[in-house]
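Chemist: Structure incoming, see below.
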Amino acid sequence: MSLKFTDVSYTYHTVSGETDAVSGLTFSVDEGQFVAVIGPSGCGKSTILSLAAGLISPTRGRIERGGGQFGYMLQTDALFEWRTVEQNIFLPLEIKKKNTPEMRKNAVELAKKYGLEDFLKKSPAQLSGGMRQRVALIRTLAAQPQTLLLDEPFSALDYQTRLAVCDDVHDIIKSEKKTALLVTHDISEAIALSDKVVVLSARPARVVGEHIIDFGGGSPKKRRESSRFAAVFEVLRQELGI
Amino acid sequence: MPESFKLARQYAANNKIYFKYGQKNRRISFKFQIGGTICRNYLCMGGAPPLCEAVRNTLMKHKKYACSLQHEQYLKKIRRNKLIVHAVRAAILLGLVGLWELCAQVGVFDPFITSSPSRVASTIADLAAAGTLFYHIGITLMETVAGFFIAVVLGYAIAVALWLNEHIRAVFEPYIVVLNALPKIALGPLIIIWMGTGYTAIIFMTVLVSIIVCIMNVLAGFVAVDKTKQLLLRSMGANKFAMLVKLVMPASLPAFMNTLKVAVGLAWIGSIMGEYIVSRAGLGYLIVYGGQVFKLDLVMAATFILCLLAGGMYAIVAIIEKIVIKRRG
């Protein structure tokens, strides 16, 4: 078990009042599993990732984290434009005080493996949106986390880039054998990428359904081409109440 | 060296054109000479049309190394427009100075009241001959530069402290607002009594005038740093210090450079204001003294030098800004 939420609730406070973001949330992510959480926009999806990452503590309930570190990937690539691609990839190493020659070498090798070799010395501004997001993923992987938390990492991209990057990220995460928790509002993205889809209600978020997705041999492209895609899509759509 | 480029070189060699080829940072540059004109890179190939045309056509095969005639004309037009702006600027300055001189010479103005460019020039020459010119310039420059540096360094440090602790920021905010609004010259008498009549008082005044804006601008730059990037660092487990060093300081560098530009102007206001209140030397002293004894030539001369110095110091900061921003990528 890599990550387990048991009856988790979280309430956040502002001067104008308090809001229940999630309420009685129970689900789990197994080792090596790719889990997608979908829900209507503003249902507290990002809160779930912040809870999973330990940036905030649940108001009630329990979160169990298996071994290994967590890596966070955000909606925008958040690359530091004053650093080269390589320096961006080293950022988590510097922050986590793991900036050893060995770790740096690993990070560079990872970047080379996934086609960033020619871009290492370039500035992020010289890269396309898709390439930037790939750099963001390699940066997340550089500190060798066991579990990746993905917060709508494709939402800032245009549709065509998005499809390509979506497949790209999936392949890299699978071949690096990482556990992943993705939150998104995009139903087709969730089906294409994940082994399990967790459907949430509107705020305060509760789990309204869990679906194991096992058709199409685990490739996003094959999934989208599969005849079962539309049927699963319809089921999820109804559960979301759209 | 790419094939078409070799052809161009061959062409240049056949036609006895001076040709030099270099490669640096993956950019290829070349240089060749037609008649007396040296052509560099691809921007100025218009020298001898038929010859250049041939080289250009060969080079055009590699877009990077040559540009089309249209593009060249476009670049030329931009250069010409730039030149016109500079020429008009110079003409306005020369015209005004000339008119001033003329009016003073023919008696439209009384040069005793308005001075004149030639009188300003001879005043400066006299001051230089007497050896006091550079003494006064030196004093004012020292006060301004010292005040500027103290204000920037101290202002930056205070901004960091305020950023690090939100409580401190909340506590001090109204004080900063009031200090910013207060005309610092009102503190003149206090400063003289506390600090004496030497240049420490003037440097203190300079710091006082420029530091608040430094604090506020730097802090605004810190606060404006992208929230997503902050979240990213937090998710990596960064503490406040790491956040400051890795993200907030580099991200707010453009805002800081802007602050420097504003601070230069304020430092000059501070030092001259300080010299108005209390001083025995400096350009501000010359201006006040000149006014009191009705030596308008001296007032104008000091003002003129002040213009040059302030412009020069601003230019230095602007150049540093350009270099820093360019290096940052």
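Chemist: Nothing charged except the Cβ atoms of Lys and Arg (+1) and of Asp and Glu (-1): what's the magnitude of the dipole of region B:68-109 about its Cα centre? Round to the nearest 20 debye.
Modeler: The calculation lands at about 320 debye.
Chemist: So between residue B:169 and residue B:190, what do we pick up on full extension, going 0.36 nm a residue minus the alpha carbon distance?
Modeler: Working it through step by step, the gained length comes to 4.8 nm.
Chemist: Output the residues of region B:198-244 meeting this criterion: accessible area (heavy atoms, 1.4 Å probe) in the chain alone minus accessible area with all protein chains in place is 40 Å² or greater.
Modeler: B:228, B:229, B:231, B:232, B:235, B:236
Chemist: I would also like to ask the following. Go through region A:130-139 residue by residue and turn each phi into a ³J(HN,Hα) via Karplus (6.51, -1.76, 1.60, θ = phi - 60°); whole Hz please, and just put x for glycine and proline.
Modeler: For region A:130-139, the Karplus-derived couplings read x, 5, 4, 5, 5, 4, 4, 5, 5, 4 Hz, x marking Gly and Pro.
Chemist: Any idea how far the Cα center of region A:38-70 sits from the one of region A:108-168, in Å?
Modeler: Region A:38-70 and region A:108-168 have Cα centres separated by 23 Å.
Chemist: Let me ask you something else. According to the square roots a ≥ b ≥ c of the eigenvalues of the Cα gyration tensor, what is the shape class of region A:106-174, taking rounded for a/c under 1.5, prolate for a/b larger than b/c otherwise, and oblate for the remainder?
Modeler: oblate
Chemist: Considering amide H positions built from the backbone, and no H for Pro or chain starts, which residues 5 or more places from residue A:61, or on another chain, come under 5 Å of its amide H?
Modeler: Amide H to amide H, under 5 Å and 5 or more residues apart or across chains, residue A:61 pairs with A:9.
Chemist: Same structure again: Once you charge only the Cβ atoms, +1 for Lys and Arg and -1 for Asp and Glu, what is the size of the charge dipole of the protein assembly as shown about its Cα centre, to the nearest 20 debye?
Modeler: Roughly 2180 debye for the protein assembly as shown.
Chemist: Could you work out how far apart the two model spin labels at residue A:210 and residue A:227 are, taking each label as a point 7 Å from the Cα in the direction of the beta carbon, and quote it in nm?
Modeler: Roughly 3.0 nm, to one decimal.
Chemist: Taking every residue in A:68-78, how many Cβ atoms of other protein chains lie within 10 Å of its Cβ, on average?
Modeler: Mean inter-chain Cβ contacts per residue within 10 Å come to 3.
Chemist: Same structure again: Between residue B:75 and residue B:114, what is the label-point separation in nm under the 7 Å Cα-to-beta-carbon projection?
Modeler: 4.7 nm
Chemist: For region B:227-259 and region B:265-296, compute the distance between their C-alpha centroids and round to whole Å.
Modeler: Cα centroid of region B:227-259 versus Cα centroid of region B:265-296: 42 Å apart.
Chemist: Based on the alpha-carbon gyration tensor of region B:111-328 and its eigenvalue square roots a ≥ b ≥ c, which shape applies: rounded if a/c is under 1.5, prolate if not and a/b is larger than b/c, or oblate?
Modeler: Judged from the Cα gyration tensor, region B:111-328 comes out prolate (a/c at least 1.5, a/b above b/c).
Chemist: I'd like the Karplus ³J(HN,Hα) series for region B:94-106: coefficients 6.51, -1.76, 1.60, θ = phi - 60°, whole numbers in Hz, and an x wherever there's a Gly or Pro.
Modeler: 4, x, 5, 4, x, 4, 4, 4, 4, 4, 5, 5, 7
Chemist: Further question on the same structure: So, with a 1.4 angstrom probe, what is the percent of accessible area on the protein assembly as shown that is carbon and sulfur?
Modeler: It is 61 percent, rounded to a whole number.
Chemist: At a probe of 1.4 Å, how much accessible area disappears from chains A and B on forming the pair, both sides counted, to the nearest 100 Å²?
Modeler: By this definition, chains A and B bury close to 1600 Å².
Chemist: So who's got an amide H within less than 5 Å of the one on residue A:36, skipping anything under 5 residues away but keeping other chains? H placed 1.01 Å off N, in plane.
Modeler: Distant-sequence amide H within range of residue A:36: A:182, A:195, A:196, A:197, A:198.
Chemist: Follow-up. Once phi is turned into ³J(HN,Hα) by the Karplus curve 6.51 cos²θ - 1.76 cosθ + 1.60 with θ = phi - 60°, what whole-Hz value does each residue of region B:111-119 show in order, with x for glycine and proline?
Modeler: x, 5, 8, 9, 6, 7, x, 5, 5
Chemist: Can you list the residues, at least 5 places off or on another chain, whose amide H is less than 5 Å from the amide H of residue A:205, using H built in the peptide plane?
Modeler: Those lying under 5 Å, H to H, from residue A:205 are A:22, A:23.
Chemist: Further, regarding this structure: Assuming a ≥ b ≥ c are the square roots of the Cα gyration tensor eigenvalues, decide whether the protein assembly as shown counts as rounded (a/c under 1.5), prolate (otherwise, with a/b larger than b/c) or oblate.
Modeler: It comes out oblate by the Cα gyration axes.
Chemist: Could you do me a favour and compute the accessible area per residue for the protein assembly as shown, 1.4 Å probe, result in Å²?
Modeler: 51 Å²
Chemist: Follow-up. Could you give the nm distance between label points at residue B:87 and residue A:31, where each point is 7 Å from its Cα heading toward the beta carbon?
Modeler: Output for this residue pair reads 7.9 nm.
The values are calculated or read from the model by the stated rules, or taken from the named source; none is laboratory data. Only a predicted model underlies this, so the values are computations on that prediction, with no experimental measurement involved. As a convention, Cβ positions derive from the backbone with ideal geometry for all residues, glycine included, and neighbour counts pool all protein chains shown. Each accessible area value is taken on the protein alone, full model and side chains, heavy atoms only, with ligands, DNA and RNA left out. Shrake-Rupley method; radii C 1.70, N 1.55, O 1.52, S 1.80 Å.
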